[in-house]
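Working notes, beginning with the structure itself.
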Amino acid sequence: MAEQIFFYFFAALSIVSAFLAVTRKNPVVSVVWLISCMFSLAVIYVILSAFFLAAVQVIVYAGAILMLFVFVIMMLNLKTGMVGQLRNLGLKFVGLIAALLILRQFYSAIKGAGAMTGLPPRAAAGFGEAAAVGKLLYSQYIYPLELMAVLLLVAIVGALVLAGKEQS
Amino acid sequence: MLDYVAIFLTIIVAALMAGGALLLSALIGPSPAKTKEKERPFECGLVPIEEPGRRFPVHYYVVAILFVVFDIEVIFLYPWIASFDEVGLYGFIGAMAFLLVLTFGLIYEWLRGGLEWH
């Protein structure tokens, strides 16, 4: 019962925050709403017993990634109302296609959830904590982990090539 | 789950304390007339020289993105430490390979001068 109250409250909060993040004219205000959205998602992860993921969501997304967003806003020196001018017809078309694809995903997810009956299975003790995640990540999913390292390497090289100093 | 309810309660109490202090001072404190001078942003008593929204040098962004990358690296190491006894040598070799790939990134960053400010 308490879980349901928490779920509905934070699910609603995440949707409202996401909506406000998209519609605000001042980009810095948008980022603050995005932090609220990320935090609500972290609470939902806790309800789903994904404790490690929830901590990472707060530390990495609400902390580090949103900081990057603020840096980009300051770098571009976006002022209030400037974002609206950047939204041209091509971007709106791309947005429409993306929205339709997400709606299709929602439809199949809701259809799949409707087919489920009975109580959801209880998570085992320690499920979703760092040790359980590590046990899977460093045995069964070692290959994706190494690919992650390559992805992060690409991010380092990309940042330095795009924005770093010229090589002398 | 119960631990997280405690965190939630802490957040509620923190919000109530901060909000309550503001509310109480607004309710029972004196309310001076709002002048243009008082509405201005306070900057150590000095008159503001320019708008705060200035353009940032791109170098801040490079430092930030490199920070995020190594932040994620540490995040991935934490589950390994937590399950160190269970994953054994296989996990150790996997973690070392993970670190090795990112060490190439660190060496490149170093040689490229990404760690220096000027």
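None of the figures in this text is laboratory data; all of them are computed from the coordinates on show. Remember, predicted model here, so these are calculated numbers, not experimental data. Neighbour counts are summed over all protein chains in view; Cβ atoms, including those assigned to glycine, are modelled from backbone coordinates with ideal geometry.
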Residues B:Tyr90, A:Tyr61 in order from fewest to most other beta-carbon atoms within 10 Å are B:Tyr90, A:Tyr61
Given 25 °C, 0.890 mPa s and a Kirkwood radius over Cα pairs, the Stokes-Einstein diffusion coefficient of chain B in µm²/s is 118 µm²/s
So for the protein assembly as shown, Kirkwood radius off the Cα pairs, Stokes-Einstein at 20 °C and 1.002 mPa s: how many µm² s⁻¹?
93 µm²/s
Can you compute the charge dipole magnitude of chain A about its Cα centre, using +1 on each Lys and Arg Cβ and -1 on each Asp and Glu Cβ, nothing else charged? Give it in debye, rounded to the nearest 20.
540 debye
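Around B:Ala64, under 14 Å between beta carbons, what's the net of Lys plus Arg minus Asp minus Glu among the other residues?
Values: positive: none; negative: B:Asp71, B:Glu109.
Net charge around B:Ala64: -2.
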Rg to Rh for chain A: what is it, with Cα atoms only and Rh by Kirkwood?
1.02
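Sort B:Phe8, B:Phe42 by Cβ crowding within 10 Å, fewest neighbours at the top.
Details: B:Phe8 14, B:Phe42 8.
Going from least to most buried by this count: B:Phe42, B:Phe8.
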Starting from 0 in steps of 10 Å, tell me what percent of the Cα-Cα pairs of the stretch A:1-80 lands in each bin.
20, 44, 27, 9, 1
Explain nothing, just compute: Karplus ³J(HN,Hα) = 6.51 cos²θ - 1.76 cosθ + 1.60, θ = phi - 60°, for every residue of the stretch A:12-29 in order, whole Hz, x for Gly and Pro.
5, 4, 5, 5, 4, 4, 5, 4, 5, 4, 6, 8, 5, 7, 8, x, 5, 4
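Quote the charge dipole size of the protein assembly as shown about the Cα centre in Debye, to the nearest 20; the model charges only the Cβ of Lys and Arg (+1) and of Asp and Glu (-1).
Using Cβ point charges on Lys, Arg, Asp and Glu, the protein assembly as shown gives about 1200 debye.
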If you count, for every residue in A:68-74, the Cβ atoms of partner chains within 10 Å of its Cβ, what is the mean?
4
Fewest Cβ neighbours within 10 Å first, please rank B:Trp80, B:Trp117 accordingly.
B:Trp117, B:Trp80
